[in-house]
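J.: Below are the structure tokens for one structure; questions will follow.
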Amino acid sequence: MVDVEEFIPDAVAEIENEIGDANAIIALSGGVDSSVSATLAYRAIGDRLTPVYVDTGLMRKGETADIRETFAFMESLRIVDARDRFLDALEDVVDPERKREVIGEAFIREFEREAKAADADYLVQGTIYPDRIESEGGIKSHHNVGGLPEIIDFDGIVEPVRDLYKDEVREVARALDLDDVISERMPFPGPGLAVRVLGPVTEEKLAIARESCAIVEDELESDDPWQAFAAVLGKATGVKGDNRVHGWVIAVRSVESRDGMTARAQQLDWETLQRIQSRITGENPSVARVVYDITHKPPATIEYE
Ligand code: XMP
């Protein structure tokens with residue numbers, strides 16, 4: 001386990017040393033990894049760091065407001081509303097890997113513009129150890145690891161938490177006094193809710209995924225899963241009043257894991273599952289049914305795409 005008393009000053013000194021008196025930029029996602037990296041880098045170089053949060057429209061419920069509040073102390077914080085641009089880019093895209101590519105490309109376009117405006121020489125990234133392993137192994141394209149450096153020519157890349165596991169990053173977050181909303185937050189994929197809606201990404205499906213994920217996170221907080229969320233699978237029949245309807249099928253997933261590389265489906269009690277079902281169908285009238293995913297990783301992945 002990481003010794004935070006040692007890690008924090010060392011990391012700050014290393015960042016100062018690497019960046020010198022140049023400018024740097026970091027993409028803040030709202031997750032613990034980028035939040036910790038940004039906070040360490042801000043300690044090292046202050047407003048010469050431009051933290052950029054791109055609202056892709058694929059983020060969790062309340063994420064933009066949380067970011068605005070948590071990082072209000074960083075005067076250089078930039079919040080970019082790119083929701084329409086991402087939705088346009090994703091129109092009719094169904095292949096999961098293509099979805100990731102399109103999101104990665106759209107993200108790079110946003111980020112490139114911001115990096116130029118900030119006159120940034122260095123890129124700070126919240127890459128953690130398991131990200132590097134999965135990307136090197138080519139299991140899937142993690143847009144927070146690939147892409148950016150090949151396209152934007154930075155003098156250097158600084159990855160303050162590159163050797164840490166997620167639980168260690170959380171320890172550092174607590175020691176840095178980051179809000180619980182950040183330090184205790186479940187992991188969230190870079191491509192966001194787009195990999196939690198199967199098939200084409202539409203505003204309607206995103207809204208249902210966003211609301212359902214918030215319900216699942218809320219209801220399962222005390223079960224302490226490593227990650228829990230909902231995904232929009234497709235449509236099936238249901239009954240509303242006297243009518244048969246064609247409504248959305250929502251999968252609920254809750255897993256235990258140390259690093260996301262393997263995971264076990266969590267055994268939840270029936271009452272909890274029923275409460276989730278009744279809230280999701282009650283609060284989202286177009287949802288016809290809710291199913292619980294009992295598959296471990298492997299053979300499944302944690303996310304759906
Ligand atoms: P899978 O679905 O591959 O996910 O079992 C393993 C862990 O990684 C997260 N994940 C991502 N994290 N960028 C990220 O930063 C991504 O593109 C990405 N895709 C998946 C996922 O939420 C899980 O915690």
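J.: Based on C-alpha coordinates, I'd like the Rg and Dmax of the chain, in Å.
T.: Rg and Dmax of the chain, Cα atoms, are 19.6, 69 Å.
J.: Could you give the Stokes-Einstein D for region 197-292 in µm² per second, using the C-alpha Kirkwood radius, 10 °C, 1.306 mPa s? Write down the numbers at each step before the final one.
T.: Working: Rh = 13.8 Å.
Taking Rh from Cα pairs, D becomes 115 µm²/s.
J.: Also: For region 27-77, what is the convex hull (Cα atoms) projected area averaged across all directions, in square nanometres?
T.: Numbers: hull surface 12.7 nm².
Its Cα hull, projected and averaged over all orientations, spans 3.2 nm².
J.: Continuing with the same structure: Angle between the Cα long axis of helix 4-19 and the longest principal axis of the chain, 0 to 90 degrees, nearest 10?
T.: 60 degrees
J.: Now, a different point. So what is the relative contact order for the chain, in percent, with contacts set as C-alpha pairs under 8 Å and at least six apart?
T.: Numbers: 528 pairs, mean separation 52.5, N = 305.
It rounds to 17 percent for the chain.
J.: Something else now. Round to the nearest 10 and give me the degree value, 0 to 90, for the angle of helix 203-220's Cα axis relative to the longest principal axis of the chain.
T.: Roughly 90 degrees, rounded to the nearest 10.
J.: Could you derive backbone 3J(HN,Hα) for region 45-61 from the dihedral phi with the Karplus parameters 6.51, -1.76 and 1.60 (θ = phi - 60°), listing whole Hz in sequence and x where the residue is Gly or Pro?
T.: 10, x, 6, 6, 9, 9, x, 10, 10, 9, 7, 7, x, 10, 8, 5, 4
J.: In nm, give the distance between the simple-model label positions of D88 and V181, each being 7 Å from the Cα along the Cα-to-Cβ direction.
T.: Inter-label distance under the simple model: 3.0 nm.
J.: Assuming R0 = 41 Å, what is the FRET efficiency of I79 and R244, from their Cβ-Cβ distance, to the nearest 0.05?
T.: Working: r = 44 Å, r/R0 = 1.07.
That gives a FRET efficiency of 0.40.
J.: For a protection proxy built on the mean count of beta-carbon atoms within 10 angstrom, sort 161-169, 74-82 highest first, please. Please report the intermediate quantities before stating the final value.
T.: Details: 161-169: 19.1, 74-82: 15.0.
Descending mean neighbour count gives 161-169, 74-82.
J.: Taking 0.36 nm per intervening residue step and subtracting the Cα-Cα distance, what contour gain separates E283 from K235 on full extension?
T.: Result: 15.6 nm gained on full extension.
Computed from the coordinates by the stated procedures, all read-outs in this text should not be read as laboratory data. The model shown is predicted, which means the values in this text are computed figures rather than measured ones. Methodologically, a virtual Cβ is constructed for each residue, glycine included, from the backbone with ideal geometry; neighbour enumeration extends over all protein chains shown.
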